[in-house]
Each structure stands twice: as structure tokens, then as C-alpha cells.
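In what follows, a structure is listed as C-alpha cells, so that the remarks can point back to it.
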Amino acid sequence: MRLLKPSVDHIPAYLSALKRGWSPDNLRPDAAQDQIARIESDADSFVAGLDDPTASAGPITLPDGTKVPRLPSLRRWIWDNEFCGHISLRWRPGTEELPPTCSGHIGYAVVPWRSGEGLASAALRALLPEATTAGLSYVTITTSPDNPASMRVIEKAGGALQRSYTADRALGGRETLEFRISLGS
Ligand SMILES: CC(C)(COP(=O)(O)OP(=O)(O)OC[C@H]1O[C@@H](n2cnc3c(N)ncnc32)[C@H](O)[C@@H]1OP(=O)(O)O)[C@@H](O)C(=O)NCCC(=O)NCCS
């Protein structure tokens with residue numbers, strides 16, 4: 001497994017996963033159709049907006065359609081002979097705090113036809129040094145209580161449950177578990 005910075009060279013594999021039915025946003029299933037249209041219209045600008053450490057792209061659309069300012073973010077593609085999924089890091093410079101409309105520092109998804117191979121676990125471990133480089137002393141990761149595979153991925157990376165809460169209404173208002181992974185030495 002390697003984490004690749006998104007590039008136009010690898011966009012055919014990404015597009016193929018979208019067309020095969022994988023959704024890049026587990027809170028917004030229609031995100032795949034949006035992305036297919038954007039890639040087919042201008043692949044260069046689509047790729048440029050994925051890895052955005054200066055938050056230069058436009059606002060983020062939440063599941064209820066609300067738009068909120070974008071945080072600095074990194075996006076990496078999980079690659080193992082083919083496109084296998086993605087993992088992202090977002091943060092507010094100078095603090096570990098996040099706005100209530102941002103559900104954790106790290107999010108990830110693996111294409112269903114490559115699940116259960118340890119790819120999400122390896123990707124999370126590989127991304128944590130980037131969080132340290134961004135100045136974070138810990139990261140939070142949230143998941144649904146109905147997602148034991150994601151909980152296991154977080155726990156294997158050293159995550160500990162911090163709290164259970166109801167997500168912001170704009171994110172769907174669902175019960176959410178928040179884990180924390182310490183990055184200190
Ligand atoms: C959750 C997800 C990222 C896991 O990806 P993955 O590459 O299959 O995960 P891994 O193979 O690295 O690890 C999965 C772990 O969960 C375990 N697991 C899987 N299903 C499980 C279940 N129903 N109950 C308990 N554990 C389960 C696996 O056994 C494995 O643990 P192990 O290594 O100790 O055996 C993937 O299923 C996915 O993309 N889901 C949709 C998007 C999503 O939920 N993203 C996370 C949002 S927080």
C-alpha cells in the first residue's frame with residue numbers, strides 16, 4: 001500500500017472507481033455523480049482542489065446543502081496496484097479544535113471490492129506523520145456506532161473513545177462516536 005498525492009496521471013483509475021459505484025463521501029452518496037461531472041469537465045482543476053493545504057478551493061457543501069468555509073486539508077489516494085480508496089486530513093492551524101460542522105480531523109474510505117485487506121488501517125498509520133507535521137498533538141476521528149470496521153481501524157492506530165454525541169444537524173444529526181489518537185512521542 002502506498003499513499004499517493006492525487007494526480008491527473010492516476011485520474012482514470014479514480015474515475016473508474018466512481019463509475020463502478022464507489023462514493024467518495026459516505027455522508028453524501030450523490031457526491032460520485034458530482035465528481036464524475038467535474039472530472040469530465042476539467043480534470044486538472046478537480047485534482048488541484050483535492051489536496052488543498054491552503055484552503056484555496058471554494059466552500060464545502062454539507063449533507064444538508066449548507067455551505068461552510070473550507071479548512072486546510074490534505075488528500076491522499078490509497079493505492080495498491082490500483083486505486084483502492086482515499087484518506088484525508090483537515091485541520092485549523094494553531095489548534096486541535098474543529099468547527100462543529102467538521103466531523104474529525106481524518107476521514108477515509110476504501111472501495112468495497114478491496115475491503116478487509118488492511119488497507120484503511122495501513123493508510124491511517126501512514127497519514128499520522130502528516131498530522132504531526134501540520135502541528136497537531138492529537139487527531140480526532142469520528143464514526144457511527146454502526147461501523148465496527150472503522151472503529152477497529154481507529155483502535156488499531158492507538159485511538160481511544162472520547163465521547164458519544166449527536167452530530168450537527170447539517171451533518172445529519174446522527175449519533176456519533178469521537179475517538180482521539182495522540183501523536184506525542
Ligand atoms: C470502514 C472501512 C474504511 C474499512 O476499510 P478496510 O480497508 O476494509 O479496513 P481494514 O481491512 O484495514 O480493517 C478492518 C478491521 O475491521 C474489522 N471488521 C470488519 N468488519 C467488522 C465487523 N462487522 N465487526 C467487527 N470488526 C470488523 C476487520 O476484521 C479488521 O480488523 P482486524 O485487522 O483486526 O481483523 C471501509 O469499510 C469503508 O470504506 N467503509 C465506508 C466508508 C467509511 O465507513 N469510512 C469511515 C468513516 S469514519
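Can you tell me the length gained on complete extension of the stretch Arg92 to Glu175, counting 0.36 nm per residue apart and subtracting the Cα distance?
Stretched fully, the Arg92-Glu175 segment lengthens by 27.5 nm.
For labels at Leu27 and Tyr165 in the simple 7 Å Cα→Cβ model, what's the distance in nm?
About 1.3 nm separates the two model spin labels.
Any chance you could look up the accessible area of Glu175 with a 1.4 Å probe, heavy atoms only, rounded to 10 Å²?
Rounded to the nearest 10, that gives 110 Å².
Give me a comma-separated list of calculated 3J(HN,Hα) values for the range 81-95, in order, Karplus coefficients 6.51, -1.76, 1.60 applied at θ = phi - 60°, integers in Hz, x for any Gly or Pro.
Listing the rounded values in order: 6, 7, 5, 10, x, 9, 9, 9, 10, 10, 7, 9, x, x, 8 Hz.
Could you give the length gained on full extension between Ser56 and Thr133, defined as 0.36 nm per residue of separation minus the Cα-Cα distance, in nm?
Stretched fully, the Ser56-Thr133 segment lengthens by 25.8 nm.
Quick check: from the Cα gyration tensor, does the range 112-166 come out rounded (a/c under 1.5), prolate or oblate?
oblate
With a ≥ b ≥ c the root eigenvalues of the C-alpha gyration tensor of the range 49-147, is it rounded (a/c under 1.5), prolate (a/b larger than b/c) or oblate?
In terms of gyration-tensor shape, prolate.
Extending each Cα 7 Å along its Cβ direction at Ala37 and Asp9, get the distance between those two points in nm, one decimal.
About 3.1 nm, to one decimal.
Let me make sure I get this right: for the range 1-75, a, b and c are the square roots of the gyration tensor eigenvalues over alpha carbons, sorted descending. Under 1.5 in a/c it's rounded, otherwise prolate if a/b > b/c, else oblate. Which is it?
Note, shape of the range 1-75 comes out oblate.
The values are calculated or read from the model by the stated rules, or taken from the named source; none is laboratory data. Since the structure is predicted, the reported quantities are computational estimates derived from the model, not experimental observations. Using ideal geometry, Cβ is built from the backbone for each residue, glycine included, and neighbour counts are taken over all protein chains shown. These area figures cover heavy atoms from the full protein model, side chains too; ligands, DNA and RNA do not enter into them. Shrake-Rupley method; radii C 1.70, N 1.55, O 1.52, S 1.80 Å.
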